[in-house]
1. Which residue is farthest from SER202 (Cα to Cα), if the candidates are limited to segment 131-189 and must be among the acidic types (Asp, Glu) and at pLDDT 60 or above?
2. Would you check if THR362 is crowded, with 16+ Cβ neighbours inside 10 Å, within 34 Å of the chain's Cα centre (by Cα), farther than 23 Å from GLU302 by Cα and among the β-branched types (Val, Ile, Thr)?
3. Does any residue of segment 175-195 turn out to be in a helix (DSSP H, G or I), buried (at least 19 other Cβ atoms within 10 Å of the Cβ) and in contact with a Lys or Arg (Cβ under 9 Å, 6 or more places away or on another chain)?
4. Look at SER296 and say whether it is buried (at least 16 other Cβ atoms within 10 Å of the Cβ), touching a residue at least 40 places away in the same chain (Cβ under 8 Å), over 15 Å from ILE389 (Cα atoms) and not aromatic (Phe, Trp, Tyr).
5. Looking only at segment 52-71, decide whether some residue is among the small types (Gly, Ala, Ser) and surrounded by 16 or more Cβ atoms within 10 Å (Cβ to Cβ).
6. Tell me, please, whether a residue that is more than 26 Å from PHE131 (Cβ to Cβ), aliphatic (A, V, I, L, M) and touching a strand residue (DSSP E or B) at 6+ places or on another chain (Cβ under 7 Å) can be found in segment 35-44.
7. If SER263 passes every condition in (1) within 15 Å of the chain's Cα centre (by Cα); (2) closer than 24 Å to SER279 by Cβ; (3) hydroxyl-bearing (Ser, Thr, Tyr) but one, which one does it miss?
8. Can you tell me which residue is nearest to THR281 (Cα to Cα) among those in segment 335-388 that are touching a residue at least 60 places away in the same chain (Cβ under 8 Å) and in a helix (DSSP H, G or I)?
Amino acid sequence: MFYFSELVNRVVVNDNNKPLGKLKDLLFLAEEIPTITKLYVRKNKKKSFAIPIKDIKEINGRIVVNRDFVEKDIAEREFSLAKNLLNRQIIDVKGGKVVRVNDIAIQDKEEGAEYYIAGVDVGFRAILRWFKLEKPTIPLYKLLNLYSRPNFLSWGDIEPLELARGTVQLKKGVADLERMRPEDLADYLEKTNIRNMNKIISGLDEEYAANVIEDLNVNYQTALFKRFQPEQASKLIEALEPDEAVDILLTLPREKRIEILDSLGARKRNELKDLIKYSRTSVGKLINSEFISINSEITASEALSIVREKLPEHPFASYIYVMNNENLLVGVFPLSNLLLHEGDEPVFKFMEQDVIVVHLTTPKTIALKRMLKYRLYALPVIVDSKRMIGVVTFDDMMEEIEEKL
(Lines give C-alpha, C1' and ligand atoms only; values in the text may rest on other atoms or scores of the structure.)
Protein backbone atom coordinates (compact mmCIF):
# COMPACT_ATOMS: atom_id res chain seq x y z
CA MET A 1 0.00 0.00 0.00
CA PHE A 2 1.21 3.52 -0.77
CA TYR A 3 -0.20 7.03 -0.54
CA PHE A 4 -1.24 9.50 -3.20
CA SER A 5 1.02 12.15 -1.63
CA GLU A 6 4.01 9.88 -2.37
CA LEU A 7 3.20 9.80 -6.10
CA VAL A 8 2.22 13.37 -6.98
CA ASN A 9 4.86 15.22 -9.04
CA ARG A 10 6.92 12.09 -9.64
CA VAL A 11 8.42 11.80 -13.11
CA VAL A 12 6.66 9.28 -15.35
CA VAL A 13 8.90 7.37 -17.76
CA ASN A 14 8.33 4.73 -20.44
CA ASP A 15 10.10 1.39 -20.39
CA ASN A 16 12.95 2.98 -22.39
CA ASN A 17 13.40 5.35 -19.45
CA LYS A 18 12.22 8.32 -21.54
CA PRO A 19 10.58 11.02 -19.37
CA LEU A 20 6.97 11.70 -20.32
CA GLY A 21 6.03 14.30 -17.70
CA LYS A 22 5.00 14.47 -14.05
CA LEU A 23 2.13 12.63 -12.40
CA LYS A 24 -0.60 15.08 -11.34
CA ASP A 25 -3.60 12.91 -10.67
CA LEU A 26 -5.13 9.44 -10.65
CA LEU A 27 -8.58 8.69 -12.04
CA PHE A 28 -10.89 6.08 -10.54
CA LEU A 29 -14.38 4.62 -10.60
CA ALA A 30 -16.42 5.28 -7.44
CA GLU A 31 -17.75 1.74 -7.11
CA GLU A 32 -17.82 -0.86 -4.33
CA ILE A 33 -14.18 -1.50 -5.20
CA PRO A 34 -12.92 1.93 -6.38
CA THR A 35 -10.50 0.86 -9.10
CA ILE A 36 -7.80 3.18 -10.40
CA THR A 37 -8.36 3.52 -14.16
CA LYS A 38 -5.85 6.07 -15.46
CA LEU A 39 -2.81 8.16 -14.60
CA TYR A 40 -3.06 11.83 -15.45
CA VAL A 41 0.31 13.23 -16.56
CA ARG A 42 1.35 16.81 -17.26
CA LYS A 43 4.08 17.18 -19.87
CA ASN A 44 4.19 20.97 -19.78
CA LYS A 45 1.88 23.93 -19.18
CA LYS A 46 0.00 23.26 -22.42
CA LYS A 47 0.08 19.47 -22.64
CA SER A 48 -1.56 16.92 -20.29
CA PHE A 49 -2.81 13.44 -21.03
CA ALA A 50 -4.26 10.32 -19.42
CA ILE A 51 -2.63 6.88 -19.56
CA PRO A 52 -4.81 3.75 -19.04
CA ILE A 53 -3.89 1.63 -16.05
CA LYS A 54 -3.34 -1.39 -18.32
CA ASP A 55 -0.29 0.38 -19.77
CA ILE A 56 1.32 0.86 -16.34
CA LYS A 57 4.24 -1.44 -15.73
CA GLU A 58 5.19 -0.07 -12.33
CA ILE A 59 3.65 2.56 -10.05
CA ASN A 60 5.18 1.89 -6.65
CA GLY A 61 8.67 3.35 -6.25
CA ARG A 62 9.00 4.34 -9.89
CA ILE A 63 6.24 5.14 -12.39
CA VAL A 64 6.90 3.25 -15.61
CA VAL A 65 4.54 2.85 -18.59
CA ASN A 66 4.64 0.96 -21.83
CA ARG A 67 6.35 2.82 -24.64
CA ASP A 68 3.43 2.15 -27.01
CA PHE A 69 0.64 3.38 -24.70
CA VAL A 70 -2.37 5.16 -26.23
CA GLU A 71 -3.57 8.43 -24.70
CA LYS A 72 -7.20 8.34 -23.51
CA ASP A 73 -9.79 10.97 -22.62
CA ILE A 74 -11.40 11.12 -19.19
CA ALA A 75 -14.58 9.01 -19.20
CA GLU A 76 -17.91 10.23 -17.86
CA ARG A 77 -17.96 7.87 -14.83
CA GLU A 78 -14.39 8.58 -13.80
CA PHE A 79 -13.45 10.76 -10.86
CA SER A 80 -10.26 12.54 -9.89
CA LEU A 81 -8.38 11.85 -6.66
CA ALA A 82 -7.06 15.41 -6.59
CA LYS A 83 -10.30 17.22 -7.46
CA ASN A 84 -13.07 14.97 -6.17
CA LEU A 85 -11.66 13.28 -3.06
CA LEU A 86 -8.53 14.94 -1.67
CA ASN A 87 -9.28 17.76 0.82
CA ARG A 88 -13.00 16.99 0.53
CA GLN A 89 -15.34 16.34 3.42
CA ILE A 90 -16.61 12.78 3.77
CA ILE A 91 -18.80 10.92 6.24
CA ASP A 92 -17.08 8.58 8.66
CA VAL A 93 -19.90 6.01 8.90
CA LYS A 94 -18.50 4.23 11.97
CA GLY A 95 -17.74 7.43 13.84
CA GLY A 96 -20.89 9.19 12.67
CA LYS A 97 -19.12 12.42 11.82
CA VAL A 98 -17.83 14.52 8.93
CA VAL A 99 -14.06 14.43 8.37
CA ARG A 100 -11.66 15.82 5.77
CA VAL A 101 -9.55 13.68 3.46
CA ASN A 102 -5.87 14.56 3.92
CA ASP A 103 -4.40 11.71 1.89
CA ILE A 104 -5.53 8.64 -0.06
CA ALA A 105 -4.17 5.10 0.32
CA ILE A 106 -3.75 3.00 -2.83
CA GLN A 107 -3.49 -0.78 -2.82
CA ASP A 108 -2.47 -3.13 -5.60
CA LYS A 109 -4.47 -6.33 -5.94
CA GLU A 110 -2.83 -9.67 -5.32
CA GLU A 111 -2.29 -10.42 -9.00
CA GLY A 112 -0.69 -6.99 -9.41
CA ALA A 113 -2.74 -6.16 -12.51
CA GLU A 114 -4.96 -3.47 -10.97
CA TYR A 115 -4.80 -0.80 -8.31
CA TYR A 116 -7.65 0.46 -6.13
CA ILE A 117 -8.37 2.93 -3.32
CA ALA A 118 -7.98 1.17 0.01
CA GLY A 119 -9.12 4.11 2.13
CA VAL A 120 -8.26 7.61 3.26
CA ASP A 121 -6.08 9.17 5.94
CA VAL A 122 -7.87 11.93 7.85
CA GLY A 123 -5.16 12.52 10.45
CA PHE A 124 -2.43 15.07 11.01
CA ARG A 125 0.29 12.68 9.85
CA ALA A 126 -1.20 12.83 6.36
CA ILE A 127 -0.58 16.58 6.27
CA LEU A 128 3.01 16.03 7.37
CA ARG A 129 3.37 13.44 4.62
CA TRP A 130 2.59 16.01 1.92
CA PHE A 131 5.43 18.20 3.19
CA LYS A 132 7.80 15.21 3.42
CA LEU A 133 7.90 15.63 7.21
CA GLU A 134 6.21 12.41 8.32
CA LYS A 135 9.29 10.23 8.71
CA PRO A 136 11.46 12.93 10.36
CA THR A 137 8.79 13.51 13.02
CA ILE A 138 8.25 9.84 13.97
CA PRO A 139 11.19 9.84 16.47
CA LEU A 140 9.71 12.93 18.12
CA TYR A 141 6.31 11.23 18.45
CA LYS A 142 7.96 8.22 20.07
CA LEU A 143 10.06 10.40 22.38
CA LEU A 144 6.94 12.22 23.60
CA ASN A 145 4.98 8.96 23.76
CA LEU A 146 2.32 10.37 21.43
CA TYR A 147 -0.07 8.47 19.20
CA SER A 148 1.57 8.50 15.77
CA ARG A 149 -0.32 6.04 13.61
CA PRO A 150 -2.18 7.34 10.54
CA ASN A 151 -5.86 8.03 11.17
CA PHE A 152 -7.00 5.61 8.49
CA LEU A 153 -10.56 4.96 7.31
CA SER A 154 -11.18 2.11 4.88
CA TRP A 155 -13.26 2.75 1.77
CA GLY A 156 -16.05 0.64 3.26
CA ASP A 157 -16.33 2.94 6.29
CA ILE A 158 -16.83 6.23 4.46
CA GLU A 159 -19.51 7.84 2.30
CA PRO A 160 -17.93 10.32 -0.17
CA LEU A 161 -21.27 11.76 -1.34
CA GLU A 162 -19.61 14.70 -3.08
CA LEU A 163 -18.37 12.33 -5.78
CA ALA A 164 -21.85 11.80 -7.15
CA ARG A 165 -22.55 13.54 -10.41
CA GLY A 166 -25.51 11.23 -10.90
CA THR A 167 -27.30 9.16 -8.27
CA VAL A 168 -25.25 8.34 -5.20
CA GLN A 169 -24.93 4.69 -4.20
CA LEU A 170 -24.55 4.27 -0.46
CA LYS A 171 -22.35 1.33 0.42
CA LYS A 172 -23.79 0.53 3.84
CA GLY A 173 -27.30 1.93 3.62
CA VAL A 174 -28.83 5.20 4.68
CA ALA A 175 -29.50 4.05 8.26
CA ASP A 176 -25.79 4.32 9.08
CA LEU A 177 -25.98 8.07 8.49
CA GLU A 178 -28.42 8.43 11.38
CA ARG A 179 -25.49 8.20 13.81
CA MET A 180 -24.60 11.73 12.82
CA ARG A 181 -26.03 14.85 14.38
CA PRO A 182 -28.83 16.09 12.08
CA GLU A 183 -27.23 19.50 11.65
CA ASP A 184 -23.93 17.92 10.55
CA LEU A 185 -25.64 15.74 7.97
CA ALA A 186 -27.65 18.74 6.75
CA ASP A 187 -24.46 20.78 6.24
CA TYR A 188 -22.91 17.90 4.36
CA LEU A 189 -25.94 17.20 2.15
CA GLU A 190 -25.95 20.81 1.00
CA LYS A 191 -22.67 20.06 -0.77
CA THR A 192 -24.23 17.42 -3.02
CA ASN A 193 -26.94 17.79 -5.65
CA ILE A 194 -30.69 17.82 -4.98
CA ARG A 195 -31.24 14.39 -6.53
CA ASN A 196 -28.78 12.78 -4.13
CA MET A 197 -30.17 14.79 -1.24
CA ASN A 198 -33.64 13.50 -2.07
CA LYS A 199 -32.40 9.91 -2.12
CA ILE A 200 -30.69 10.21 1.25
CA ILE A 201 -33.61 11.99 2.97
CA SER A 202 -36.11 9.48 1.56
CA GLY A 203 -34.25 6.58 3.17
CA LEU A 204 -33.94 8.06 6.66
CA ASP A 205 -36.23 7.48 9.61
CA GLU A 206 -39.01 10.08 9.33
CA GLU A 207 -38.32 11.77 12.66
CA TYR A 208 -34.58 11.96 12.00
CA ALA A 209 -35.22 13.12 8.41
CA ALA A 210 -37.44 15.92 9.74
CA ASN A 211 -34.63 17.08 12.04
CA VAL A 212 -32.22 17.14 9.09
CA ILE A 213 -34.70 19.06 6.93
CA GLU A 214 -35.16 21.68 9.64
CA ASP A 215 -31.43 22.43 9.44
CA LEU A 216 -31.33 22.74 5.64
CA ASN A 217 -31.29 26.05 3.82
CA VAL A 218 -34.83 27.09 2.82
CA ASN A 219 -33.98 26.73 -0.88
CA TYR A 220 -33.12 23.07 -0.36
CA GLN A 221 -36.25 22.54 1.74
CA THR A 222 -38.39 23.92 -1.06
CA ALA A 223 -36.62 21.90 -3.76
CA LEU A 224 -37.03 18.68 -1.77
CA PHE A 225 -40.73 19.11 -1.08
CA LYS A 226 -41.34 19.90 -4.74
CA ARG A 227 -39.90 16.47 -5.52
CA PHE A 228 -41.60 14.51 -2.74
CA GLN A 229 -44.74 12.52 -3.48
CA PRO A 230 -47.74 13.71 -1.41
CA GLU A 231 -47.60 10.69 0.91
CA GLN A 232 -43.91 11.16 1.68
CA ALA A 233 -44.31 14.92 2.05
CA SER A 234 -47.24 14.55 4.44
CA LYS A 235 -45.32 12.12 6.68
CA LEU A 236 -42.43 14.56 6.96
CA ILE A 237 -44.76 17.51 7.55
CA GLU A 238 -46.33 15.51 10.40
CA ALA A 239 -42.88 14.99 11.93
CA LEU A 240 -41.79 18.63 11.61
CA GLU A 241 -42.46 21.28 14.22
CA PRO A 242 -45.66 23.09 13.13
CA ASP A 243 -43.97 26.46 12.64
CA GLU A 244 -41.20 24.82 10.57
CA ALA A 245 -43.83 22.96 8.53
CA VAL A 246 -45.70 26.18 7.80
CA ASP A 247 -42.50 27.97 6.76
CA ILE A 248 -41.83 25.22 4.21
CA LEU A 249 -45.43 25.03 2.95
CA LEU A 250 -45.49 28.78 2.34
CA THR A 251 -42.49 28.50 0.00
CA LEU A 252 -44.24 25.95 -2.23
CA PRO A 253 -46.50 26.66 -5.20
CA ARG A 254 -50.15 26.85 -4.16
CA GLU A 255 -51.09 23.64 -6.00
CA LYS A 256 -48.32 21.65 -4.31
CA ARG A 257 -49.21 23.10 -0.90
CA ILE A 258 -52.86 22.12 -1.29
CA GLU A 259 -51.84 18.65 -2.48
CA ILE A 260 -49.76 18.08 0.65
CA LEU A 261 -52.35 19.53 3.02
CA ASP A 262 -55.08 17.32 1.52
CA SER A 263 -52.99 14.23 2.22
CA LEU A 264 -52.72 15.05 5.96
CA GLY A 265 -55.08 13.92 8.68
CA ALA A 266 -57.95 16.31 9.40
CA ARG A 267 -56.58 17.54 12.74
CA LYS A 268 -53.09 18.30 11.42
CA ARG A 269 -54.48 19.82 8.23
CA ASN A 270 -56.74 22.22 10.12
CA GLU A 271 -53.94 23.16 12.51
CA LEU A 272 -51.57 24.04 9.67
CA LYS A 273 -54.25 25.88 7.72
CA ASP A 274 -54.88 28.05 10.78
CA LEU A 275 -51.15 28.73 11.17
CA ILE A 276 -50.88 29.62 7.49
CA LYS A 277 -53.74 32.06 7.94
CA TYR A 278 -52.11 33.54 11.05
CA SER A 279 -48.76 33.86 9.26
CA ARG A 280 -50.06 36.92 7.42
CA THR A 281 -49.95 38.83 10.71
CA SER A 282 -46.99 40.34 12.56
CA VAL A 283 -46.55 37.68 15.25
CA GLY A 284 -48.46 34.93 13.47
CA LYS A 285 -45.57 33.71 11.33
CA LEU A 286 -43.62 32.86 14.51
CA ILE A 287 -46.38 30.89 16.24
CA ASN A 288 -45.65 27.40 17.51
CA SER A 289 -48.96 25.62 18.06
CA GLU A 290 -47.46 22.88 20.25
CA PHE A 291 -47.86 23.72 23.93
CA ILE A 292 -49.13 21.93 27.04
CA SER A 293 -52.36 23.08 28.63
CA ILE A 294 -54.38 21.77 31.59
CA ASN A 295 -57.66 22.55 33.31
CA SER A 296 -57.58 24.92 36.27
CA GLU A 297 -59.58 22.59 38.54
CA ILE A 298 -57.30 19.55 38.49
CA THR A 299 -54.75 18.84 41.23
CA ALA A 300 -50.98 19.22 41.06
CA SER A 301 -50.51 15.43 40.93
CA GLU A 302 -53.04 15.12 38.09
CA ALA A 303 -51.29 17.95 36.26
CA LEU A 304 -47.96 16.18 36.62
CA SER A 305 -49.40 13.00 35.11
CA ILE A 306 -50.77 14.94 32.14
CA VAL A 307 -47.45 16.68 31.59
CA ARG A 308 -45.55 13.38 31.67
CA GLU A 309 -47.93 11.97 29.08
CA LYS A 310 -47.78 14.97 26.74
CA LEU A 311 -44.10 15.83 27.08
CA PRO A 312 -42.77 13.40 24.40
CA GLU A 313 -45.04 15.01 21.79
CA HIS A 314 -44.62 18.56 23.06
CA PRO A 315 -40.91 19.22 23.64
CA PHE A 316 -41.63 22.86 24.49
CA ALA A 317 -42.77 22.72 28.13
CA SER A 318 -41.08 25.64 29.81
CA TYR A 319 -44.52 26.85 30.85
CA ILE A 320 -47.78 25.05 31.50
CA TYR A 321 -50.85 27.01 30.43
CA VAL A 322 -54.08 26.77 32.42
CA MET A 323 -57.54 26.86 30.84
CA ASN A 324 -61.02 27.19 32.32
CA ASN A 325 -63.98 25.00 31.37
CA GLU A 326 -64.59 27.18 28.29
CA ASN A 327 -60.99 26.48 27.18
CA LEU A 328 -59.96 30.09 27.67
CA LEU A 329 -56.54 31.04 29.05
CA VAL A 330 -56.75 31.91 32.75
CA GLY A 331 -53.30 31.17 34.13
CA VAL A 332 -49.75 29.94 33.67
CA PHE A 333 -46.89 28.50 35.74
CA PRO A 334 -43.36 27.23 35.08
CA LEU A 335 -43.03 23.46 34.81
CA SER A 336 -40.72 23.44 37.84
CA ASN A 337 -43.56 24.71 40.03
CA LEU A 338 -45.26 21.31 39.91
CA LEU A 339 -42.49 19.96 42.11
CA LEU A 340 -43.06 22.61 44.77
CA HIS A 341 -46.73 21.97 45.54
CA GLU A 342 -48.67 19.27 47.35
CA GLY A 343 -50.23 16.54 45.22
CA ASP A 344 -53.87 17.38 46.07
CA GLU A 345 -53.50 21.14 45.77
CA PRO A 346 -55.66 22.55 42.94
CA VAL A 347 -53.79 24.16 40.09
CA PHE A 348 -55.74 27.42 40.33
CA LYS A 349 -54.26 28.05 43.79
CA PHE A 350 -50.65 28.31 42.62
CA MET A 351 -50.96 29.41 38.97
CA GLU A 352 -50.09 32.97 37.92
CA GLN A 353 -53.37 34.61 36.94
CA ASP A 354 -51.94 37.80 35.41
CA VAL A 355 -50.75 36.22 32.18
CA ILE A 356 -48.54 38.29 29.87
CA VAL A 357 -49.85 37.69 26.35
CA VAL A 358 -49.56 38.90 22.77
CA HIS A 359 -52.10 39.10 19.97
CA LEU A 360 -51.75 38.35 16.28
CA THR A 361 -51.53 42.07 15.58
CA THR A 362 -48.90 42.77 18.26
CA PRO A 363 -45.71 44.11 16.61
CA LYS A 364 -42.72 41.81 17.04
CA THR A 365 -40.72 44.56 18.71
CA ILE A 366 -43.41 44.91 21.40
CA ALA A 367 -43.50 41.15 21.93
CA LEU A 368 -39.72 41.07 22.35
CA LYS A 369 -39.82 43.97 24.82
CA ARG A 370 -42.38 42.10 26.93
CA MET A 371 -40.18 39.01 26.98
CA LEU A 372 -37.19 41.04 28.13
CA LYS A 373 -39.12 43.12 30.65
CA TYR A 374 -40.74 40.14 32.37
CA ARG A 375 -37.85 37.74 31.68
CA LEU A 376 -40.05 35.25 29.87
CA TYR A 377 -38.80 32.68 27.38
CA ALA A 378 -42.19 32.49 25.63
CA LEU A 379 -45.47 34.34 25.38
CA PRO A 380 -48.91 32.86 24.66
CA VAL A 381 -50.72 34.16 21.58
CA ILE A 382 -54.45 34.71 22.05
CA VAL A 383 -57.37 35.57 19.80
CA ASP A 384 -60.98 36.51 20.47
CA SER A 385 -61.67 36.31 24.21
CA LYS A 386 -58.46 34.76 25.57
CA ARG A 387 -58.54 31.70 23.27
CA MET A 388 -54.94 30.55 23.09
CA ILE A 389 -53.67 29.42 19.67
CA GLY A 390 -49.95 28.98 20.33
CA VAL A 391 -46.76 30.49 21.70
CA VAL A 392 -43.94 32.62 20.37
CA THR A 393 -40.53 31.83 21.80
CA PHE A 394 -37.50 34.03 22.38
CA ASP A 395 -35.38 31.80 20.10
CA ASP A 396 -37.77 32.18 17.16
CA MET A 397 -37.99 35.90 17.78
CA MET A 398 -34.20 36.28 17.71
CA GLU A 399 -33.89 34.16 14.54
CA GLU A 400 -36.37 36.47 12.85
CA ILE A 401 -34.36 39.52 13.91
CA GLU A 402 -31.02 37.98 12.88
CA GLU A 403 -32.34 37.22 9.39
CA LYS A 404 -33.04 40.93 8.91
CA LEU A 405 -29.67 42.16 10.18
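The values are calculated or read from the model by the stated rules, or taken from the named source; none is laboratory data. Everything numeric in this text was worked out from a predicted model, so none of it was measured. Glycine gets a Cβ as well: all are built from the backbone with ideal geometry, and neighbour counts include every protein chain shown.
1. First pass over segment 131-189, keeping only residues among the acidic types (Asp, Glu): 134, 157, 159, 162, 176, 178, 183-184, 187.
Filter once more, keeping what is at pLDDT 60 or above: 134, 157, 159, 176, 178, 183-184, 187.
Values: GLU134: 43, ASP157: 21, GLU159: 17, ASP176: 14, GLU178: 13, GLU183: 17, ASP184: 17, ASP187: 17 Å.
Checked segment 131-189; the qualifying residue farthest from SER202 (Cα to Cα) is GLU134.
2. Values: crowded, with 16+ Cβ neighbours inside 10 Å: yes; within 34 Å of the chain's Cα centre (by Cα): no; farther than 23 Å from GLU302 by Cα: yes; among the β-branched types (Val, Ile, Thr): yes.
Here the answer is no, as THR362 does not meet what is asked.
3. no
4. Yes, satisfied.
5. no
6. no
7. (1)
8. Initial filter on segment 335-388 (touching a residue at least 60 places away in the same chain (Cβ under 8 Å)): 358-364, 367, 378, 380-381, 387-388.
Keeping just the survivors that are in a helix (DSSP H, G or I) gives 364, 367.
Numbers: LYS364: 10, ALA367: 13 Å.
Of everything passing the filter in segment 335-388, LYS364 is nearest to THR281 (Cα to Cα).
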